[in-house]
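Below is one structure; the comments refer to it alone.
The values are calculated or read from the model by the stated rules, or taken from the named source; none is laboratory data. Predicted model only: the values in this text are computed from it and were never measured. Methodologically, a virtual Cβ is constructed for each residue, glycine included, from the backbone with ideal geometry; neighbour enumeration extends over all protein chains shown.
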Amino acid sequence: MTAVDEGKSLTLEQIQTFEGKYPKRLWYLFFSEMWERFAFYGMRGMLTVFMTTQLLMKDDEAQLKYGGIQAFIYAMTFVGGLFADKLLGFRKSIFWGGLLMIIGSFTLAAAPKELYYIGISFTIIGTGFFKPNISSMVGSLYKEGDPRRDAGFGLFYSGINIGALLGGWLCIVAAKQYSWNIAFGLAGVGMIIGLLIFVFTKRTLGPIGLPPMEGKLSAKKILRNDIFVYLGSLLVIPFVYLLVRNSQYTDYFMYIVGPIAFVWIVIEILKLQDKASRQKMVAAMVFIIFSIFFWAFFEQAGGSLSLFALNNLHDTVLGVQMDPNAVNNSSNSVFVVIFSPLAGLLWLWLAKRKAEPNTVIKFGIGFLFVAVSFYLYYYTRFFADASGKTSLDLFTFAYLISTLGELCLSPIGLSLMTTLAPKPLHGMMMGMWFLASAYGQYAAGILGAGMSTTAENATNMDKLIAYTDGYKQLAIYALIAGVVLIVISPIIRKLMHEVH
Ligand code: GLN
């Protein structure tokens, strides 16, 4: 039997019963997601640079646009997750999402300037179908309560970041050394590889990811539903196009979607019968709300830090010549890949000594790390030369610190959503977690635009001062958020009941 055929007839029970630390099938999902993130982060790392240098937008406008694009992407993961749960199932959603992402990348490669917003719109919808559902499939590889689940998500998170590292680095280098067409095309090639891996290995997954209605509805009705989703998502693309083109519409979208989701979730909480479940959901909401602030700081990465890298940084790390934008796009991922397993070992080591901080405190520590990193970004101004260029070494070190913050919050948050919410609400809560990322990204764009100098003839020194002033402010906000979380941690802990 080939690797492709061997899972065809397996039951869920057989798949979920495995020996060793990781299920074998995790690797297939690992590599599919790795290449999807290659495409996603490759493109993401080019956006602000492309908009300022090719579409000739001002720094503030480009960052608002960037924040809007990222916000739509993460808002669409909420929608993509819901449709997978109700109609398509994970497999078809992932295939459809991957296909749309490929179309988006090659549209950009064909005519980056002319077809920019069309390519981006395809990518937004495509990512919405791909990203949340491949993560859910990882969860399906484990039985409820399997203690190896967290390690599996940790490994998957490393795969995400290997892809992000390679894509973030290679695409921007390709753009600078060859052309934007080649760079966007490279992202598309990455997505083709990811999709091919998925297509050739998905049969090993037994019943995981099949449409939820299989066996309940006739094949004809299922096909009709599928076509409804495919056509519907294509019809949405012109709307997304309009929303992304016009930052003002982005604002309306964000004003409407969040409150609706919030009211919806409050209703779901009120419908829960027992008090403990309601309280756990309230705790989950607190984590979600704090995560918005976290991403608003953290996601300066693709916005203001990308422009800071473009204008204000030398090009050597520890004496080795490196492109500052490539470092900006990739160092976070390098540090996740190195430190994610170490963080796992540290938590285990502390747990053995009964000293592992609880999740609320971990979240608080995450903010404190981010506060320190932004203080370091601010501090780069004291190493600047007369031309407004400063140390890429210190900048990279600041990335290391913010990555430690990410590891205290992001992978833990994903698993928290599935432990705090009752099972029928898992999908929705995961959607809410990503929707919070959408608001974080959106706020990141607004914050970045607010810090940038819009003066026509701003020198690099003016830009350095403007951005570093902003980073100092963000350090203070992050410090406040971390302290607040740590102070209120006993209350949240009570709401979480048996979950740590
Ligand atoms: N860096 C992670 C990923 O790309 C998390 C992103 C997020 O939730 N905002 O999957």
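Key figures
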| quantity | calculated |
| --- | --- |
| Any hit, the stretch 275-287, residues being in a loop (DSSP other than H, G, I, E, B) and among the polar types (S, T, N, Q) | no |
| Residue match in the stretch 103-125 (condition: aliphatic (A, V, I, L, M), over 14 Å from the mean Cα position of the chain (by Cα) and within 16 Å of the ligand (Cβ to nearest atom)) | no |
| Test: PHE290 is away from the ligand (no atom under 13 Å from the Cβ) and over 18 Å from PHE50 (Cα atoms) | yes |
| Qualifying residue in the stretch 61-73 (condition: more than 19 Å from MET254 (Cβ to Cβ), assigned to a helix (DSSP H, G or I) and among the acidic types (Asp, Glu)) | no |
| Of all residues in the stretch 451-500 being in contact with a helix residue (DSSP H, G or I) (Cβ under 7 Å, 6 or more places away or on another chain) and without any contact (Cβ under 8 Å) to a residue 24 or more places away in the chain, the one that is nearest to TYR377 (Cα to Cα) | ALA466 |
| GLY431 in a helix (DSSP H, G or I), within 13 Å of the ligand (Cβ to nearest atom) and in contact with a Phe, Trp or Tyr (Cβ under 8 Å, 6 or more places away or on another chain) | yes |
| Tabulated pairs, the stretch 188-214, first surrounded by fewer than 19 Cβ atoms within 10 Å (Cβ to Cβ) and modelled with pLDDT of 85 or more, second hydrophobic (A, V, I, L, M, F, W, C) and in a loop (DSSP other than H, G, I, E, B), C-beta under 9 angstrom, 6+ apart or interchain | PHE200/ALA3; PHE200/VAL4; THR201/ALA3; THR201/VAL4; ARG203/VAL4; PRO207/LEU10 |
| Exclusive hit being touching a Cys at 6+ places or on another chain (Cβ under 7 Å) and either under 24 Å from LEU485 (Cα atoms) or touching a residue at least 12 places away in the same chain (Cβ under 8 Å) (or both), set GLY448, GLY366, GLY431 | GLY366 |
| Subset of the stretch 131-164 that is away from the ligand (no atom under 13 Å from the Cβ) and touching a Leu at 6+ places or on another chain (Cβ under 7 Å) - its residue that is modelled with the lowest pLDDT | GLY152 |
| THR380 vs. criteria of a type in the set (S, T, N, Q), in a helix (DSSP H, G or I), more than 16 Å from the ligand (Cβ to nearest atom) and over 20 Å from PHE298 (Cα atoms) | no |
| Yes/no for GLY45 being buried (at least 24 other Cβ atoms within 10 Å of the Cβ), within 13 Å of the ligand (Cβ to nearest atom) and part of a helix (DSSP H, G or I) | yes |
